[in-house]
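As structure tokens, the structure follows; a few thoughts come after it.
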């Protein structure tokens, strides 16, 4: 029993210590963003590896998620004779929930894990330390551009995911199942609200982009500089990002759509 | 303060330094001086904290007690901005080279210049080629770090370390794991750069022969203390058993071949 309490205390203390380190890290990263802006090349390079390289997985997943939504939605809606509302259903679920959440999960798996491994290995091979000795702040030079790139890319990727998803729903619903073309689009236009649906979805993806980039970069920076340490940090990035995305999604949804 | 004047003959002075990692004392009240313009070696067996000493001098770690002055400034009292200014005048060569793996050789050497100066690209090019020429790798400018051998990587790192014309360079185990030819090249480079660029060099190493060949002064560290110091010749004639064992590479002596353990016979019989 005593041992249990002791372990509990140790775990709690180390998690709080890590939270503290993470917060300082974030603050330091944010102050470095001012130095990134005058050097757009640093940012563009990271936008490419974080954003552009995630393009394929996002478009393909978006297409299939949209197609499945089209199929499932049609089955349920046709029971009520409401298959014209398929467009609304597909678009609303994508824009409000699936777009931001699924693309953030994919982003954590594709770009987040890569960021953690990259930073962790840079630490293990003394590149960060070497930079410090060259009087270059590694957080400002290495972390801040990546953070900003993740933060900017995430909402763009989520919007792309939703747009492709709508096309997927259209392909299946209108192309294969025979939903009326005009009804599909006009119902969508009439019922999807820019402020309520689209902006709220974008806000979600902005929050997810912030959190996933923070987790991924911090786990890499805080990794134990060995191969095992980096592999564990990469795993933690994906797991912790997934938890944070889903937990935050609930909180944000409650704030935006629930009357709590 | 005795060591505050920058005209002082010692570029680095370490006073009563203590540092521990967890329960392990790495340095216990160590004091040493590094003379300007000289090559000073800090030697000792692996795990005696030689690299840690370089990190303490560079301000990457903070000592538990004691002071380190570099060029008259107390490293651990400086504000971050001043510490960074000081670091521009210290080069450090990491054991692994610590080259940035996403850039080629040229960009690696240009990195500190691009970060710290506003020189036009044409001037950066001349400087980079001069530094690369000094280490004999002007022709390797387009290679990526993973295409370099260990010795070449260290020479590129050396070119990068001298890019900003520092006052001193700290070498972390420069000879470890080198074949005889690149070892010879590095020994020659360290010596000639020190002379031609008017540098001060600190070499941390356990390669006795190579280090003794170029060092002007040697400190021998063991278990957190300085156990011997002097010119290479003085150390060779040292009457300390420990220094003799280290300089001659004897397997047994004051440092035992066996890690502390229970009695051998008892240990073998214990399982029965």
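The values are calculated or read from the model by the stated rules, or taken from the named source; none is laboratory data. Source: prediction; values computed, not measured. When we count neighbours, we look across all protein chains shown, and the Cβ atoms used for this are built from the backbone with ideal geometry, even at glycine.
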**Message:** Restricting to region A:87-120, name every residue that is within 14 Å of another protein chain (Cβ to nearest Cβ) and over 30 Å from residue B:86 (Cβ atoms).
**Reply:** A:114, A:115, A:117
**Item:** Test for residue A:239: is it touching a helix residue (DSSP H, G or I) at 6+ places or on another chain (Cβ under 6 Å) and either part of a helix (DSSP H, G or I) or at pLDDT 90 or above (or both)
**Value:** no
**Message:** Checking the condition farther than 23 Å from residue B:199 by Cβ and part of a strand (DSSP E or B), which residue from B:102, B:107, B:29 passes?
**Reply:** B:29
**Request:** Tally the residues that are buried (at least 17 other Cβ atoms within 10 Å of the Cβ) and either within 29 Å of residue B:53 (Cβ to Cβ) or within 12 Å of chain A (Cβ to nearest Cβ) (or both), restricting the search to region B:115-136.
**Result:** 3
**Message:** Condition first: within 10 Å of chain A (Cβ to nearest Cβ) and in contact with a strand residue (DSSP E or B) (Cβ under 7 Å, 6 or more places away or on another chain). Now tell me which residues in region B:58-71 satisfy that.
**Reply:** B:58
**Prompt:** Out of (1) on the phi < 0 side of the Ramachandran plot; (2) more than 14 Å from every other protein chain (Cβ to nearest Cβ), the odd one out for residue A:81 is which?
**Reply:** (1)
**Request:** Pull up region B:72-94, narrow it to residues that are out of contact with any helix residue (DSSP H, G or I) (no Cβ under 7 Å at 6 or more places or on another chain), away from chain A (no Cβ under 11 Å) and outside any helix (DSSP H, G or I), then point me to the one that is nearest to residue A:119 (Cα to Cα).
**Result:** B:79
**Prompt:** If a residue has to be more than 20 Å from residue B:206 (Cβ to Cβ) and either crowded, with 22+ Cβ neighbours inside 10 Å or in contact with a helix residue (DSSP H, G or I) (Cβ under 8 Å, 6 or more places away or on another chain) (or both) to count, how many in region B:23-34 make the cut?
**Reply:** 0
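Matching residues to (1) part of a helix (DSSP H, G or I); (2) within 14 Å of chain B (Cβ to nearest Cβ); (3) more than 30 Å from residue B:83 (Cα to Cα):
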{"residue": "A:122", "(1), (2), (3)": "yes, yes, no"}
{"residue": "A:130", "(1), (2), (3)": "yes, yes, no"}
{"residue": "A:140", "(1), (2), (3)": "yes, yes, no"}
{"residue": "A:147", "(1), (2), (3)": "yes, no, no"}
{"residue": "A:155", "(1), (2), (3)": "yes, no, yes"}
{"residue": "A:162", "(1), (2), (3)": "yes, no, yes"}
{"residue": "A:168", "(1), (2), (3)": "yes, no, yes"}
{"residue": "A:184", "(1), (2), (3)": "yes, no, yes"}
**Item:** Residue among B:97, B:66, B:37 that is in contact (Cβ under 8 Å) with a residue 12 or more places away in the chain and either crowded, with 23+ Cβ neighbours inside 10 Å or assigned to a helix (DSSP H, G or I) (or both)
**Value:** B:97
**Fill in**
By residue number, the members of region B:40-63 that are free of Cβ contacts under 8 Å to residues at least 12 places away in the same chain and over 18 Å from residue B:227 (Cβ atoms) are B:55, B:60
**Message:** If residue B:107 satisfies all but one of (1) within 23 Å of residue A:142 (Cβ to Cβ); (2) surrounded by 21 or more Cβ atoms within 10 Å (Cβ to Cβ), what's the number of the condition it fails?
**Reply:** (2)
**Item:** Number of the exception - residue A:178 against (1) assigned to a helix (DSSP H, G or I); (2) modelled with pLDDT under 95
**Value:** (1)
**Prompt:** Do we find that residue B:142 is more than 29 Å from residue B:33 (Cα to Cα) and assigned to a loop (DSSP other than H, G, I, E, B) in this structure?
**Reply:** yes
**Request:** May I ask you to list the residues in region B:42-57 that are buried (at least 22 other Cβ atoms within 10 Å of the Cβ), touching a helix residue (DSSP H, G or I) at 6+ places or on another chain (Cβ under 8 Å) and either more than 14 Å from chain A (Cβ to nearest Cβ) or farther than 25 Å from residue B:246 by Cβ (or both)?
**Result:** B:42, B:43, B:44
**Item:** Within region A:203-240, tally of residues that are under 11 Å from the mean Cα position of the chain (by Cα) and farther than 15 Å from residue A:26 by Cβ
**Value:** 5
**Message:** For region B:148-189: of the residues being within 22 Å of residue B:49 (Cβ to Cβ) and surrounded by fewer than 19 Cβ atoms within 10 Å (Cβ to Cβ), which is nearest to the chain's Cα centre (by Cα)?
**Reply:** B:176
